[in-house]
Structure formats: structure tokens, C-alpha cells
1. Computed over the Cα atoms of the chain, what is the convex hull's projected area averaged over all directions, in nm²?
2. Treat every Asp and Glu Cβ in the stretch 2-245 as -1 and every Lys and Arg Cβ as +1, leave all other atoms uncharged, and give the resulting dipole magnitude about the Cα centre to the nearest 20 debye.
3. Looking only at the stretch 324-532, where both bridge partners belong to it, what percent of the DSSP beta bridges are antiparallel (to the nearest 5)?
4. At a temperature of 25 °C and a viscosity of 0.890 mPa s, determine how fast the stretch 1-40 diffuses translationally according to Stokes-Einstein, using the Kirkwood radius over alpha-carbon pairs as Rh; express D in µm²/s, rounded to the nearest whole number.
5. Can you give me the P(r) profile for the stretch 324-399? Cα pairs, bins 10 angstrom wide beginning at 0, each as a whole percent.
6. Give the carbon-plus-sulfur fraction of the accessible surface of the chain in %, rounded to a whole number; probe 1.4 Å, heavy atoms of protein chains only.
7. How high is the FRET efficiency between Leu386 and Ala160 when r is their beta carbon distance and R₀ equals 41 Å, given to the nearest 0.05?
8. Would you mind getting the accessible area per residue of the chain, heavy atoms of the protein chains only, 1.4 Å probe, in Å²?
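The values are calculated or read from the model by the stated rules, or taken from the named source; none is laboratory data. Being a predicted model, the structure only gives us computed values, none of them experimental. Here the Cβ is made from the backbone with ideal geometry for all residues, glycine too, and neighbour counts use every protein chain on show. Each accessible area value is taken on the protein alone, full model and side chains, heavy atoms only, with ligands, DNA and RNA left out. Shrake-Rupley method; radii C 1.70, N 1.55, O 1.52, S 1.80 Å.
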Amino acid sequence: MITVQGISKFFGSRELFKDVSFHLRPAERIGLIGSNGAGKTTLFQILTGSIQPDTGSVTAPRNLSIGYLPQQWIPCRDKTVLAHAIDVHSQLNDLQSELRSLQQALEREKDPESIGDAVLRQAALLEKIEHLGGYDIESRAAKILAGLGFDTSQLHQPAASLSGGWIMRLELSRLLLSEPDLLLLDEPTNHLDLESLMWLEQYLLTTSSAILLVSHDRSFLNKVVQRIFELELGHLHEYSGNYDSYLEEKAVRQEIHAASYKNQQDRIRQVERFIERNRYRKSTASRAQSRIRMLDKMDRIEAPSAGLEQIHFDFPEPPRSGKRVFELSGVHKSYGNCSVYSGIDLVIERGDRIAFIGENGAGKSTLLKMLAGVESVSGGDLTVGLKVVSGYYAQHQWEQLHSEWTVIGEVSSIAGDMTQTRLRGLLGAFLFKGEEVMKKVSVLSGGEKARLILCKLLLQRPNVLLLDEPTNHLDIPSRVVLEKALENFPGTICFISHDRHFINAVANRVLFVNAGRVRLFPGNYDDFLNIWAKSLEAESTGCREERSGVSRPPSTSGFRNDRHDRRARAELRNELYRLKRPLQQSLEELETELEAAHHLLDSLNNRLADPATYRNGGEVQNLRNSHRLCTEKIRQLTGEWEVFALRLEAVEEEFWKEREKVI
Ligand SMILES: Nc1ncnc2c1ncn2[C@@H]1O[C@H](COP(=O)(O)OP(=O)(O)OP(=O)(O)O)[C@@H](O)[C@H]1O
Ligand SMILES: [Mg+2]
């Protein structure tokens, strides 16, 4: 589908990568990984043609459609969210506008022959539009937007009023809707909450587009990709399987490489000793000469690299804050008519490490901003404890930086009387070495910007860290370093993250934010999910007050123990169960079929990913046909599944509505 042959790219005298070659096949899902600054975004820009490689070529069919989600935001035109999403289907738009003008022309046309031609064209257009899914495009767009977290009321608001993170979600929705041949997604999970992230995982598993995506999220990569391309020290290495298989295969390759290197070095030393002993003796000099030539011709195995250098830092021991860090009492927050919080009480104490969890739009970032003093409260009291020094890391970090400044200029602006030598030392720990400190902020990669902001955070010596998605854009080793630094941080931490791994490593409490209220749970994210699961169990035996909470984490409301009420509810639930059973059976059957189809697709993917398959052209064609049929089948089954699932929801909703009138 797309072939990249021997490309290299320089920035000034720095060679970013060299001799990179690979081939992308239809419908395969590949993860592009590599450290921050390795050149992943640059490679995407080369694939889309927005920048040119210094050598090599990219070959693709002329009509290949590529959907590209860049890592940084793009301005949004002045349309509603829904209209902007639908607009991406430009081919469809063209067809629809042609159809409209044709219909107008037909009303005026008198000549029977021209009318005949126009009618034929009209039929062809209608068929094409139907084929492209034009009639259900609005509902498909709405479904995708909902999956990525937009609620119905947002669909008709102007896209221009969205914040950066939401613009990225909208752009992602547009791309998914357009179903291009190839999707290039540069860190698509950065702006998603857990729920939308899981939705995206499922979506990508069923789309027919080929996918090349950059991500530093281990769970996401494990779920979605079938191959890994790693950009490392200027080379591209291919691995089959997901992220975990990549780790295993890489370890094996490194072991083999180290053993071959050692063998070759032993052999070289042996030959060198022979040469040393024999080169000056007349009788053996010619044999020594032939050994010298042999050494010259030998293909030397590169020494195994010591691994990439990683950032290393610890937050400096901060001055201690008072025991009560924040106290919120009856805090309200609203933006215009929209109420985000309606009276929350919360105490955050020194040493708390709290992960804020909740649906998108629940108000997690707003709460963090209120704690940081970036947003004021609309009502109630927010008391900041004694000697609290907050360090705030904003969600869209680039807003905090000045694109025209240099790296060293950024940190100097808050470094007080720190000497340039110490500043350079500190920047070195964040991997800005030598001339790199003179780089302009505007050319930094996503991860490099994130590192720069972390470095600035350190300089403030905060005892309370307020971090809004601090792992966004950081590569996996840097996330681990940040994890460790936060584990050792003696102060207080409030943070928002959608990296399940990271939350579990850092949090000792979870603040669940829901419907304008908050509730604090002990333990990390897994503990929180356990508590949630238990409360759902309790609910199914009838002791929860909230009926609608079935699919949600525990709410801030309490429990009810009225026995009579419990029995009445149990009876109602049985009645509902009987009503839902036939639909549920159909759903289960569809699920079994879907699972089998996915199984088949996986095995087809594995065979298509195997280089050996390509030795037999006929087999490849058969496999591709089966792949297409299987993908179509999955799409059809998923459609049916959705219809049943919606019906099931409607039955349940209707049932409770009816009973509500009675209760
Ligand atoms: N115009 C430019 N001039 C100089 N250096 C540049 C320019 N554009 C990019 N770079 C550098 O090239 C390197 C690769 O950048 P790129 O954005 O491709 O990295 P990346 O792999 O996507 O990293 P990240 O994971 O942080 O997003 C970075 O060190 C960046 O600073
Ligand atoms: Mg990048």
C-alpha cells in the first residue's frame, strides 16, 4: 500500500534517522514507538508529504487516502461540532452538491434527451452516496462523537469554542468518520479520558483502515497493534506482535546481538594475536598478511548500545507545608449557566497523593485549577493551608511556554540567581545537552516540551504538585522516571492521568468526581475499581439507592437499608430480567459470532504479517480476500449488535419510566 525506501532526514548537522525502509499493508495496525525526539512525528510528516526526506523515497498509489491526526492542535473552523465532523467526508459533500445542482437543473430542463442523461446521472450519484454511507453519515458521526466523549448538547455548539483537548477529539472523530485507507495517529490517546480511550481501542480494532500510530501508552499498544516499528538511534526496527511481544522479542534480539558481538570480538582478538606473533617472521609473514586482509574485510557487528540516555531527576526536598493543605467547604463553581460543582466539601492533607478520576467533562481539571488558584471559586470557601507552595502542570502544556524563546531562556526566566553552569547541569538531567539548550521552543518535539515544563516545575521547589495529565507526550522511560520521582516526593500530590499504570504507581487515594460532587476513596486505581465492583454487587442484591448507577462507579450518595424497599426492588429487577432475556440471548449469540470472527481476523492478520506468506503470491491474494470478507462480517455483526444493545437499553429505560410513575 505504501513503501518507504531508504529515507533519511537531517536537521542542521544532526542526522535524525538514516536508511529507513518499510512497507505498510492494507488493514494492518502498527505502533510506532521510540524515545522523545527520536523522529516519529517527523516520519509522519514525511509520509503525509508535508516535509521532504533528504534521501530515499515514499511510494504510494495516487488515490491512497491518508487521515493524519497531528500531535499538536490545529485551529478549528467556525462551524458546529457536528457539521465540522461531517464536513470531512469531502467526496460525499461533492457528490451531494452535484446531486443538488442536478435536481435543480432537472426542474428547468425541457429537452427529453438531456433529462434522460440527467436521470441516469442522478441514479448513479444516489448509488454512490448510498455506498459511501451518506444517508447515515449524521448518525455515524454522532455515534463516533459520543464515543469520544461529546454529549448531545455539545454537537450543535460552535467548534471554534472548544478547548484544545476537545479540538483534538473532534479532529479524531473526523478522521475516524472518513475511514481513509491509512490512518496516521500521532499520540491519539493524549486527550482522552479512560472511557473514551477504551472506546477508541474497540473502534480501531474494527475499522478497515490501516493504522500507523504513535503512542507511549503500554496498555493501549497492547490492545490495538499487531506490529511495532521502533525508531532507535536513527534506525527503524520491526517487531511482530503487540508491545509485550515487542519487549520479549527485543530482549531476545539483544541477547543474540550481545553474544554474536562477543564471539566476533573474541575471534578478532585471536586473529590479532596471530598477526602480532607472525607478521615479522619471514616464513609466516604472508599468512599474517592474509589475516590482516581478512580482518579488513570482516563485517563488524556494532557494539550493543548501552541503552538510550534517560532523564534523571528528583524533586528537591521542599519546605514542609501545614497538615491541612486544602479545605473546601460548600464550594460551587459555574461557567455562565453551566454549573460544574454544586457545593463540595473536601479536605486534602499533607502526604496525600490523590488521583482525580471521573468521566470527561466531570470537572477534574476545573477542580485542579481552583486548587492552583488559576480559577476562582463561584461560591463557598476554599482555604489554602499554611506554607503551601503549589506547582501546577497544565494539561495543554505548550500554552505555558514561549515559542520564540530558547530552552535556556525559558528556565532562566524563573531560575532566580542560579548560575548558567548550574542551569545547564539541570537541563542536562532533562536531556538538553550542549547546543540543545539553544534550541527554540517552537521546534521542540512534544516530549521535549513536556520535559522542559517538568524542569521548570522543579525550579519552583513546590511542596504541593497539581498535575494535569503530566504523562502526556512523555516516552515510556521518562514516565517511569517521573513515576519514581513522584513516589519519592515527600509533599502532597493531586493529579489527573489516564495512564492506568501510572495512576496505580503513584496514587494512595482516588477522588471520584461525578455530577458536580466528589468522593474520596482509599488506595490506588485498582483498589478503587474493586470497591466499585463490590458496591455494584451490593447494588445487585438490592441495597443501592440509585437505580441509574448500575453502569457507573459509586456515586456520592449514601445507601438505603429499608427491607421492604429492597424486596420491591428485587421483584422489579426479576420482572425486568424476564423482559430483557430474549434480547440478551440474541446479544450473547451475536457476541459469540463476533468473537469467532475476531479470532479468524487475528489469525489472518498474523499470516499477513508473516514475511514468509509473501513468497506465495496466490496465497496472499486469498488471504486478503478472506480478510476483506471477515472485516465486512465483523462490521455487519457489530451493527446488529449495536441495534440489539440499544433496544435493550430502551427496554430498560422504558421499564423504569413506567415503574417510576407507580412508585
Ligand atoms: N525544524 C527543526 N529544526 C531543528 N530541529 C528540529 C526541527 N524539527 C524537529 N526537530 C528536532 O528533531 C527531533 C525529532 O522531532 P520529532 O518531533 O520528530 O520527535 P518525536 O519522535 O515525535 O518526539 P516526541 O515523542 O517527543 O513527540 C527533536 O529533537 C526536535 O527538536
Ligand atoms: Mg512527536
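1. 42.5 nm²
2. 340 debye
3. 55 percent
4. Working: Rh = 11.8 Å.
Value of D from the Cα-based Kirkwood radius: 209 µm²/s.
5. 17, 53, 28, 2
6. Details: 16970 of 33450 Å².
That fraction is 51 percent.
7. After rounding to 0.05, the efficiency reads 0.40.
8. Heavy-atom SASA per residue in the chain reads 50 Å².
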